[in-house]
Amino acid sequence: MLKSHSCGELNKEHVGLKVTLAGWVDRRRDHGGLIFIDLRDREGVVQVVFNPEISKQCHQIASEMRNEYVVRASGEVTLRPLGTENPRLPTGDVEVIARETEILNPSKTPPFYINEETEVEESLRLKYRYLDLRRARMKENLLLRHRVTKFIRDFLDAKGFIEVETPIMIKSTPEGARDYLVPSRLHPGKFYALPQSPQQIKQLLMVAGVEKYFQIARCFRDEDTRADRQPEFTQLDLEMSYVMEEDILNLMEELFTSMVETLKPELRVIKPFPHLSYTDAMARYGTDKPDLRFGLEIRDLSDIVAQSDFSIFHSAIAEGGRVKGICAPGCGNYTRGQLDELNKLVLGLGAGGLVTISLGTSTGSLGGLTVEMVRSVAAKFLTLDQIRQMAQRLGAKRGDLLLIIAGKSKLVDMALSELRQEMGHRLKQADPNLFAFAFIENFPLLRWDEGAGRWDSEHHPFTAPWNEDVPLLDTAPEKVRGRHYDVICNGYEIGGGSIRIHTAELQRKLFRLLGYSDEEIDIRFGHMLEAFEYGAPPHGGIALGLDRIVMLLAGEETIREVIAFPKTQAAMDLTFNAPSPVTEEQLAELHLRLREE
Ligand code: ASP
């Protein structure tokens, strides 16, 4: 190799050794006679000293070096002179006295600092991603991602799983999003689809006798750009034969617990993972992916205020809506400005508004609460007893703040769940060193799609219904529970899966219920139904969002920070400038003509 050691590995033990290093100039300092170069490679930074008295030529070359030049230097590792050690640098006790050096490749001035964690506009970072990835934080993220996938592979290998690669060009798979299509040159007018997930293929692998499959799989979904999504993302995809729900969930619990304990021992995992039913999660947190690092649970107050004189409350209930709230402990002294902010947040989410009830500024038990202490626009329409009852239900004390929203149930839940999240962060209850995993279960199998006027799968059409609910498929589909489960962590859904249907008869019944004609079923899913007729074993599985898991472990806010070359929110690749136009010839070969819009 062009180097004998890496920059970051040198320490006192190497003193006296002659080493050859190669890397980037992280910083250059010219101190009159001496030139100091902080030389950086993947492992870290070490100081190289160019002394004209030792080598005039080296000193001369060093004077031409600039940040991000790729250089090579050989010399002896020595202890730094007393008092000049740098305790912040792992190599800070030593330096290398250069006797030979060469510039391997100069560099233009980079568009942003590589050696500092400065704020840089994301589009610039993405355009020059190869420079961005040189920065310490991104390098750490790449490394962590590698460790996570390696951990997963080793863990599952030890459990008897085998990794099977599945095709990228397949047939459209219904996972609820739009497919990316690949036109076929050899078959005019026909298309492959990129997999939204390897769902059908992994099920066929169970029919094929693989029994325990996994894959670090790339998935593609052409969704409208929403929040923190990527058109291509990575799943840990997994499927097992002869399993029940708890087999998959126990495996997940062990995987996550040992992963965090091994890779991030400084983080704490709440064990055992709680199991929440979908209904329970919705009732207590207003969402099926609550952040369980803190309480601040939602309570329904409708019965308490249904008969009150406060029109916002009683009219919401009269119209079939609900009145629900949370308690913000110790926030009874919130200023008008702070309350306005919260109200704005709620309005921005589409709710009618926020009703706040301050239980005074001094703390104490509810017993001592008087009318004079209460501050609220609703105060004069509510009795002290009603306020006390609400406070009691929300677990509030004097000095707390009740945050209440009235309206349509769905909207109230959504707005309160966001508000809960906001308050959890404001009150610093969301401990960044805590990992609160949980399983959400007992989802309904189907949901009514108003727009399309038909049933749709809550998860996907391969999810099995509860055995005892199967008869309800004919009479009350809305009551059928699905054998579906989600894994959540710190307010994110990080995965989901199910026990599957494994008989052709039930699968066909389900497709029919979803509004497919028999002919459509045969064209789109005939291969699955046929496979199920050849002794398909009972099976189930799960898929986990790898990007999100690494993001959480890295303490990052978006998955783009843990993907080497991500797309922008507008699905653009700024490094390659994709998507891009193609030539007429390419289109002609694919039998395509662009439409005039
Ligand atoms: N294929 C499903 C998904 O991507 C997960 C599963 O059911 O295993 O959501």
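Below is a table of values for the structure above.
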item: Test result for L446, of a type outside the set (F, W, Y) and under 30 Å from L510 (Cα atoms); result: yes
item: Residue within region 490-510 that is within 30 Å of F294 (Cα to Cα) and away from the ligand (no atom under 16 Å from the Cβ) present; result: yes
item: Number of the condition not met by F191 [criteria: (1) touching a Ser or Thr at 6+ places or on another chain (Cβ under 7 Å); (2) surrounded by fewer than 14 Cβ atoms within 10 Å (Cβ to Cβ)]; result: (2)
item: Leading residue by the ranking (surrounded by the most Cβ atoms within 10 Å (Cβ to Cβ)) among those in region 430-442 that are within 20 Å of the chain's Cα centre (by Cα) and not in a strand (DSSP E or B); result: A436
item: Every pair of residues 6+ apart whose Cβ atoms lie under 6 Å, when the first sits in region 510-534 and is closer than 25 Å to V480 by Cα while the second is aromatic (F, W, Y); result: L513/W455; L514/W455; I521/F511
item: Search result, residues across region 479-489 that are assigned to a strand (DSSP E or B), farther than 20 Å from R420 by Cβ and within 14 Å of the ligand (Cβ to nearest atom); result: G482, H484, Y485, V487
item: Verdict on D247 being farther than 15 Å from G495 by Cβ, in a helix (DSSP H, G or I) and within 16 Å of the ligand (Cβ to nearest atom); result: yes
item: Tally, over region 177-212, of residues that are of a type outside the set (A, V, I, L, M) and more than 11 Å from the ligand (Cβ to nearest atom); result: 15
item: In region 213-236, residue farthest from K171 (Cα to Cα) [restricted to those that are among the aliphatic types (A, V, I, L, M) and within 11 Å of the ligand (Cβ to nearest atom)]; result: L236
item: Boolean, I563 is under 30 Å from F161 (Cα atoms) and surrounded by 14 or more Cβ atoms within 10 Å (Cβ to Cβ); result: yes
item: Restricting region 455-478 to residues that are out of contact with any helix residue (DSSP H, G or I) (no Cβ under 7 Å at 6 or more places or on another chain) and assigned to a strand (DSSP E or B), the residue that is surrounded by the fewest Cβ atoms within 10 Å (Cβ to Cβ); result: D456
item: When residues of region 20-33 are limited to those that are out of contact with any strand residue (DSSP E or B) (no Cβ under 6 Å at 6 or more places or on another chain) and at negative phi, the one surrounded by the most Cβ atoms within 10 Å (Cβ to Cβ); result: D30
item: Test: residue in region 141-162 that is within 13 Å of the ligand (Cβ to nearest atom) and not basic (K, R); result: no
item: Among residues of region 395-413, those that are assigned to a loop (DSSP other than H, G, I, E, B) and farther than 16 Å from G360 by Cα, counted; result: 1
item: Qualifying residue in region 529-552 (condition: at pLDDT below 95 and β-branched (V, I, T)); result: no
item: Qualifying residue in region 102-109 (condition: in contact with a helix residue (DSSP H, G or I) (Cβ under 8 Å, 6 or more places away or on another chain), under 21 Å from D41 (Cα atoms) and surrounded by 12 or more Cβ atoms within 10 Å (Cβ to Cβ)); result: yes
item: Restricting region 59-77 to residues that are within 21 Å of Y128 (Cβ to Cβ) and part of a strand (DSSP E or B), the residue that is nearest to the chain's Cα centre (by Cα); result: V70
item: Region 78-101, subset in a strand (DSSP E or B) and within 44 Å of the chain's Cα centre (by Cα), residue farthest from G33 (Cα to Cα); result: V94
item: Count of region 63-96 residues which are out of contact with any helix residue (DSSP H, G or I) (no Cβ under 8 Å at 6 or more places or on another chain), surrounded by 21 or more Cβ atoms within 10 Å (Cβ to Cβ) and more than 20 Å from Y113 (Cα to Cα); result: 3
item: One residue from E140, E100, E95, E116 being at pLDDT below 95 and farther than 30 Å from G515 by Cα; result: E116
item: Hits in region 505-537 (condition: out of contact with any helix residue (DSSP H, G or I) (no Cβ under 7 Å at 6 or more places or on another chain), part of a loop (DSSP other than H, G, I, E, B) and exposed (fewer than 13 other Cβ atoms within 10 Å of the Cβ)); result: S517, G535
item: Identity of the residue in region 362-417, in contact with a Leu (Cβ under 9 Å, 6 or more places away or on another chain) and β-branched (V, I, T), that ends up farthest from F313 (Cα to Cα); result: T370
item: Residues of region 538-570 that turn out to be more than 15 Å from the ligand (Cβ to nearest atom), touching a residue at least 60 places away in the same chain (Cβ under 8 Å) and either of a type in the set (A, V, I, L, M, F, W, C) or not in a loop (DSSP other than H, G, I, E, B) (or both), as a count; result: 12
item: Residues of region 445-470 classified as more than 19 Å from H539 (Cβ to Cβ) and at pLDDT below 95, total; result: 11
item: Cβ-Cβ under 8 Å pairs, at least 6 apart or on other chains, region 8-29 side part of a strand (DSSP E or B), far side modelled with pLDDT under 95 and of a type outside the set (V, I, T); result: T20/L2; A22/L2; D26/N115; R27/N115
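A quick yes/no check of all residues on (1) under 26 Å from P471 (Cβ atoms); (2) touching a strand residue (DSSP E or B) at 6+ places or on another chain (Cβ under 7 Å); (3) among the β-branched types (V, I, T):
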site	(1), (2), (3)
I494	no, yes, yes
S498	yes, yes, no
E519	no, no, no
T575	no, no, yes
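The values are calculated or read from the model by the stated rules, or taken from the named source; none is laboratory data. From a predicted model like this one, the values you see are computed outputs, not experimental measurements. Note that each Cβ is placed from the backbone with ideal geometry, even for glycine, and that neighbours are counted across all protein chains shown.
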